């Protein structure tokens, strides 16, 4: 690891990264904070199927405000997303990373991890496995006891269970109320 990378990480520079390649830095610093893991398609953006360009992106209603609320309450906001469009040849990894860089520039997300593999590929990073969350835990100081995942599919909830954190199932609408209720119940 280069010294410049270490210094940037310690200031919590946001990044997009393929979790299949392991941790980006692997050295979390500072006190642990809870993480809100968010699925991408159907939670952060409208799921039109294989969204791979900025022109195809549409924010879910309330997603940016929900991210701001989480940040204001001390959460890491980490997006974890299966992106089999790469393995299917529908998108290149640089296209997906460029889109994720654009998302990072327009919302206070700390990191976006993706898995490029197909559903039947034996990749531990692909949800419902918990590999993406575990890789994030190597890059960020995470308080797992106060962390959770918001997803819109059973595979998201299974990934949360496999990481031993709660999974909140979003019905595809504004998930802010779901998260606020959950956090208030946990802190009261």
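We did not get these values from a lab; they are worked out from the coordinates using the rules stated. A quick note: this is a predicted structure, and the numbers were derived from the prediction, not measured. Glycine also receives a Cβ, built like all others from the backbone with ideal geometry; neighbour counts cover every protein chain displayed.
What percent antiparallel are the DSSP beta bridges of the chain, to the nearest 5? Spell out each step's value before the answer.
Numbers: 1 of 22 bridges.
Percent antiparallel among DSSP bridges in the chain is about 5.
Using a 10 Å cut-off on Cβ atoms, rank the peptides 36-48, 89-101 from the highest mean neighbour count down.
36-48, 89-101
Shape verdict for region 111-188, please, from the Cα gyration tensor: rounded (a/c under 1.5), prolate (a/b greater than b/c) or oblate. Please list the in-between numbers first.
Numbers: a/c = 2.24, a/b = 1.43, b/c = 1.56.
Cα axes put region 111-188 in the oblate bin.
Listed highest first by mean packing, meaning other Cβ atoms within 10 Å per residue, what order do 177-186, 117-126, 62-71 come in?
Ranking, from highest mean packing down: 62-71, 117-126, 177-186.
Just for the Cα atoms in the chain, what are the lengths along the principal axes, largest first, rounded to whole Å?
Principal extents (Cα only, largest first): 48, 43, 31 Å.
Stretched out fully, how many nm does the piece from residue 169 to residue 59 gain, at 0.36 nm a residue minus the Cα gap?
Here the segment from residue 169 to residue 59 would lengthen by 37.8 nm.
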